[in-house]
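A quick write-up on the structure given underneath.
The values are calculated or read from the model by the stated rules, or taken from the named source; none is laboratory data. This one's a predicted model, so the numbers in the text were calculated from it and none came from an experiment. Cβ sites come from the backbone with ideal geometry, for glycine too, and all protein chains shown count toward neighbours. Heavy atoms of the whole protein, side chains included, go into the accessibility calculation; ligands, DNA and RNA do not. Shrake-Rupley method; radii C 1.70, N 1.55, O 1.52, S 1.80 Å.
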Amino acid sequence: MKKTLKERLAILSDAAKYDASCASSGTERRDSGRSGGLGSTEGSGICHAYAPDGRCISLLKILLTNFCIYDCAYCINRSSSNVERVRFSVEEVVWLTLEFYRRNYIEGLFLSSGIIRSSDHTMEELVRVARILRTDHGFRGYIHLKTIPDASPALIEEAGLYADRLSINIELPTDAGIDNFAPQKHPTRIRAAMGDLRLKIDAAAEPSFRGRRKRFVPGGQSTQMIVGVDGANDATILASSARLYGNYRLRRVYYSAFSPIPDASRALPLIKPPLLREHRLYQADWLYRFYGFAVEEITRTRPDGNLDLEIDPKLAWALANRERFPIDINRAEREMLLRVPGLGPRSVNAILSARAHKALRLEDLGRLGVSLRKVRPFIAALGWTPLRLVDRSDLRDLFAPKPEQLSLF
Amino acid sequence: MLTILLDGHGELAEWRAAARALLLAGIPPERVEWRQRGGATGDLFGGQMEGSPLPPPDPQTPAATVPRAFLELAEAVICHNDPRRFALLYRLLWRLQGERALLEMRADADVVQANRLEKSVRRDAHKMKAFVRFKELSDGEGQPRRRFLAWFEPEHFIVGRTAGFFQRRFTDMDWIIATPKGTSSWDGQHLRFDPAPATKPDLRDAADDLWRTYYAHIFNPARLKVQAMQSEMPKKYWKNLPEADLIPDLIAGAEARVREMAARAASDPPAFHHRLRARDKAAGREGET
């Protein structure tokens with residue numbers, strides 16, 4: 001008997017939840033004020049709910065179908081799994097998106113799919129959902145489509161006209177890992193697809209002779225790496241991300257700690273997902289993208305190439321480079337202020353603005369919302385020098401969490 | 001001492017009119033007491049409290065100007081529910097006449113306080129855009145436009161401030177957002193704001209059931225992080241979120257679900273998997289389709 005819409009929604013959201021991205025930010029600004037239709041995107045994304053896993057729910061994130069001819073060991077939808085298989089019709093996805101949107105549950109749709117029949121057939125179905133939403137319903141909310149690596153260029157081209165963001169998952173940080181755990185996927189073809197997409201995005205950004213730019217994937221492309229499946233260390237993972245950001249100009253690389261799935265494969269032991277490691281990778285990724293750190297600076301603080309789990313990567317870098325401190329907050333340049341543990345871009349801006357009018361003391365920093373406990377050992381301010389605090393051998397203990405008994409589960 | 005009585009529904013205009021008059025009359029901040037009609041201090045004296053008449057301008061006082069950044073700041077701060085916001089803004093306005101760069105002095109106590117109020121208002125407005133839940137009114141059949149109603153309980157006076165967002169987004173439907181701090185509405189022609197407190201309506205929408213299904217299934221029980229959820233979705237918002245009453249059971253059942261996944265032995269692959277892999281082999285091209 002055919003399952004109800006609700007039953008299929010349950011299965012196909014279960015099937016989609018291992019994709020970490022739910023972002024609805026970074027696209028163009030648009031609204032329905034003039035068209036009189038439905039939907040808007042206004043710069044920063046909106047998280048309409050949070051699940052008890054702490055993750056933002058911004059989009060209706062579902063699969064069109066969880067039938068899949070691929071057999072990726074880490075995936076809940078792999079062909080060798082006995083999960084129940086169902087599918088939505090294109091019209092059902094359109095209906096769910098619009099009805100959810102009207103009730104302000106979501107910012108839009110993140111649609112992916114198992115590979116059925118062929119790459120082109122699957123991609124065609126995804127594109128059809130986006131086309132109906134945009135052209136038949138005038139929908140101006142956010143659309144993120146998963147791109148099927150081997151789909152034909154014409155389909156990707158069309159997807160880019162409707163979607164705010166396209167993504168292709170690189171899945172694992174090394175080619176060997178992909179060969180081992182996702183034997184039907186081909187790292188070279190995944191990269192080729194990303195490269196093609198980058199060229200298309202670049203070309204659309206060039207103004208035509210009329211000075212108009214073509215609207216094409218305004219939110220750019222993103223990808224996801226699963227952490228903890230193959231043996232890659234953090235240095236390998238982050239180097240791989242840096243290449244993705246550099247060569248393919250990805251907007252985001254998501255890290256997803258491998259987490260137990262129903263009916264798991266024998267090839268992968270079910271362990272507690274390495275959430276702290278995932279968190280440190282995001283912090284390092286942030287340092288690379290917004291704080292001017294090179295990946296090697298972050299990863300060379302430990303011989304095994306993994307990030308310190310006890311302290312955050314910026315603090316780890318500072319402790320390994322004590323001779324660069326203290327930093328004078330009344331004189332140092334922005335780049336160096338950004339390297340002080342406890343200062344983010346926002347507080348650095350506040351410092352730069354405030355110090356133009358008077359020399360700052362520690363109390364002034366406190367009023368700017370900076371945590372003095374964190375920054376004090378690393379800075380000099382009017383009336384404050386940390387003496388040789390950075391030479392203290394117990395400095396790490398000031399920040400590292402107290403040892404805890406390991407939990408058995 | 002002058003007493004200025006304001007409605008305080010989050011609109012800058014009434015404060016601005018009074019502040020401009022006071023400034024042009026050369027009245028320093030310490031000679032003004034700002035009160036909110038029906039507010040915490042106003043209640044005590046009930047109807048008998050009356051504001052002072054606004055003073056006439058002092059011809060010696062030069063025309064007042066303020067940086068654009070101050071108006072933006074003031075538009076947010078005026079929405080805060082802190083009764084001291086009127087006085088704080090007037091103090092800033094007064095000081096700005098002499099200290100033009102005041103707002104850049106981010107460690108100044110008044111600036112710090114104003115920035116704090118602004119941040120709190122921004123956050124509340126952002127959460128309102130996130131957590132308003134529209135329910136469809138079923139009596140609208142046969143009408144050309146669909147009709148929706150939401151009940152929300154904001155912390156600050158932000159209903160007017162956020163109305164434009166909902167209009168730009170939900171342009172093709174009629175909607176009403178009712179709150180204890182006023183009601184905004186849109187009918188395709190007019191965007192309205194009524195400051196009178198509304199009462200909570202009793203509403204049902206069948207779509208909530210589908211949303212709850214989605215919420216429960218997009219949750220990954222192996223990644224329980226209750227603190228992270230609660231810092232972004234504080235409990236004060238839960239009572240008006242149709243999905244929130246699922247949370248306790250999802251949390252309580254998470255560990256058992258993970259144990260069960262771990263304990264279950266890997267099953268034998270379904271028949272279609274064997275057919276697929278046999279086809280791969282026959283084609284001699286592992287994985288290509």
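A few notes on this one:
- Computed [θ] at 222 nm, deg cm²/dmol, chain B (DSSP H ≥ 4; -39,500 (n - 2.57); rounded to nearest 500): -13500 deg cm²/dmol
- Counts of other chain beta carbons within 10 angstrom of each beta carbon in peptide B:130-137 average 4.
- Taking Cα centre as origin and charging only the Cβ of basic (Lys, Arg, +1) and acidic (Asp, Glu, -1) residues, the dipole magnitude of the protein assembly as shown rounds to 800 debye.
- Protection proxy ranking, highest mean first, for peptides A:250-256, A:3-9: A:250-256, A:3-9, where packing is the per-residue count of other beta-carbon atoms within 10 Å, averaged.
- Selected from B:A18, B:P62, A:N66, residue furthest toward positive end of dipole (the protein assembly as shown; charges at beta carbon): B:P62
- For segment B:2-126, the pair-distance distribution built from all alpha carbon pairs, in bins 5 Å wide starting at 0, is 2, 11, 21, 23, 21, 13, 7, 2, 0 percent.
- Among the cysteines of the protein assembly as shown, A:C22, A:C68, B:C79 have no other cysteine beta carbon within less than 4.7 Å of their own.
- For segment B:149-193, there are no residues whose amide N sits under 15 Å from a probe point set 7 Å from the Cα of B:E72 along the beta carbon direction.
- Antiparallel DSSP beta bridges within chain B, as percent of all bridges there, nearest 5: 50
- The Rg/Rh ratio for segment A:317-399, using Cα coordinates for both the radius of gyration and the Kirkwood hydrodynamic radius, is 0.94.
- Segment B:220-245-segment A:127-146 distance, computed between alpha-carbon centres (Å): 29
- Between 0 and 90 degrees, the angle of helix A:187-205 with respect to the longest Cα principal axis of chain A falls at about 80 degrees.
- Solvent-accessible surface of segment A:282-350, taken per residue with a 1.4 Å probe and all protein chains present: 47 Å².
- Under the combined filter of DSSP loop state and at most 14 neighbouring Cβ atoms within 10 Å, segment B:108-215 retains these trypsin sites (Lys or Arg not before Pro): B:R145, B:R204.
- Computed helical MRE - 222 nm, chain A, DSSP H runs ≥ 4 contributing -39500 (n - 2.57), nearest 500: -10500 deg cm²/dmol
- On the basis of the beta-carbon distance and an R0 of 41 Å, B:T61 and B:H190 show a calculated FRET efficiency of 0.55.
- On Cα atoms only, tilt of A:234-248 relative to the major axis of chain A in degrees: 60
- Cross-link reach list, aspartates and glutamates versus B:K236, counting only Cα pairs under 14 Å and skipping chain neighbours closer than eight places: B:D124, B:E153, B:E155, B:D245
- Modelled spin labels at A:R215 and B:E33, positioned 7 Å past Cα toward Cβ, are 5.7 nm from each other.
- Length added when fully stretched, B:D172-B:I251, from 0.36 nm per residue minus Cα-Cα: 24.6 nm
- Largest-first principal axis extents of the Cα set of segment A:256-389 (Å): 64, 28, 23
- The stretch between A:N82 and A:E7 holds 25.3 nm of extra length on full extension. This uses 0.36 nm per residue minus the Cα-Cα distance.
- This model, with +1 at the C-beta of Lys and Arg and -1 at the C-beta of Asp and Glu, gives segment A:317-399 a dipole about its Cα centre of some 140 debye.
- Rounded Å value of the spacing that divides the Cα centres of segment A:4-80 and segment A:167-235: 19
- Translational diffusion of segment A:1-126, estimated by Stokes-Einstein from the Kirkwood radius over alpha carbon pairs at 4 °C in a medium of 1.567 mPa s, is 82 µm² per second.
- Tensor-based shape of segment B:208-289 (alpha-carbon gyration tensor, a/c under 1.5 rounded, otherwise prolate or oblate): prolate
- Per residue of A:35-43, other chain Cβ atoms within 10 Å of the residue Cβ number 3 on average.
- In this simple spin-label model, placing a label point 7 Å from the Cα along the Cα-to-Cβ direction at both A:T385 and B:R279 gives a separation of 7.6 nm.
- Taking every DSSP beta bridge that has both ends in chain A, the antiparallel portion is near 15%.
- Loop-located GluC sites (Glu not before Pro) in segment B:136-218 (DSSP state not H, G, I, E or B) with no more than 12 neighbouring Cβ atoms inside 10 Å: B:E141.
- Rg/Rh for chain B, where both radii come from Cα atoms and Rh is the Kirkwood radius: 1.17
- Rounded to 5, percent antiparallel among DSSP beta bridges of the protein assembly as shown: 30
- Look at the dipole of the protein assembly as shown built from charges on Cβ: of A:G36, A:V253, B:M233, the Cα furthest out on the positive end belongs to A:V253.
- Two-decimal Rg/Rh across the protein assembly as shown, once Rg and the Kirkwood Rh are taken from alpha-carbon atoms: 1.00
- Within chain B, helices built from complete DSSP H runs that reach 20 Å or longer along their own axis (Cα positions) and carry a mean Kyte-Doolittle hydropathy of -0.5 or higher are B:85-98, B:247-263.
- Peptide-level mean, for B:192-205, of C-beta atoms on other protein chains within 10 Å: 0
- Reach of A:K374 by Cα under 18 Å, taken over aspartates and glutamates that are not fewer than 8 positions away in the same chain: A:D308, A:E310, A:D312, A:E323, A:D328, A:E363, A:D364, A:D391, A:D394, A:D397
- On the basis of the beta-carbon distance and an R0 of 41 Å, A:E28 and B:E153 show a calculated FRET efficiency of 0.80.
- In terms of distances greater than 22 angstrom between alpha carbons, the cross-link table entries A:K2/A:K185; A:K17/B:K235; A:K17/A:K272; A:K61/A:K314 yield A:K2/A:K185; A:K17/B:K235; A:K61/A:K314.
- Taking packing as the residue-averaged number of other Cβ atoms within 10 angstrom, the listed peptides A:318-329, A:234-245, A:102-113 run from highest to lowest as A:102-113, A:234-245, A:318-329.
- Distance from the alpha carbon centroid of segment B:99-171 to that of segment B:54-75 works out to 26 angstrom.
- Computed from label points 7 Å out along Cα-Cβ, the spacing between A:N321 and A:E335 is 1.0 nm.
- Multiplying each eigenvalue of the alpha-carbon gyration tensor of chain A by 5 and taking the square root yields semi-axes of 41, 27, 20 Å, largest first, rounded to whole angstroms.
- Mean separation of Cα contacts under 8 Å, 6 or more apart, over the residue count of chain A: relative contact order %: 11
- Dipole magnitude (debye, nearest 20) for segment A:256-335, charges at Cβ of Lys, Arg, Asp, Glu: 100
- Cα gyration tensor category, rounded, prolate or oblate, for segment B:110-203 with a/c compared to 1.5: prolate
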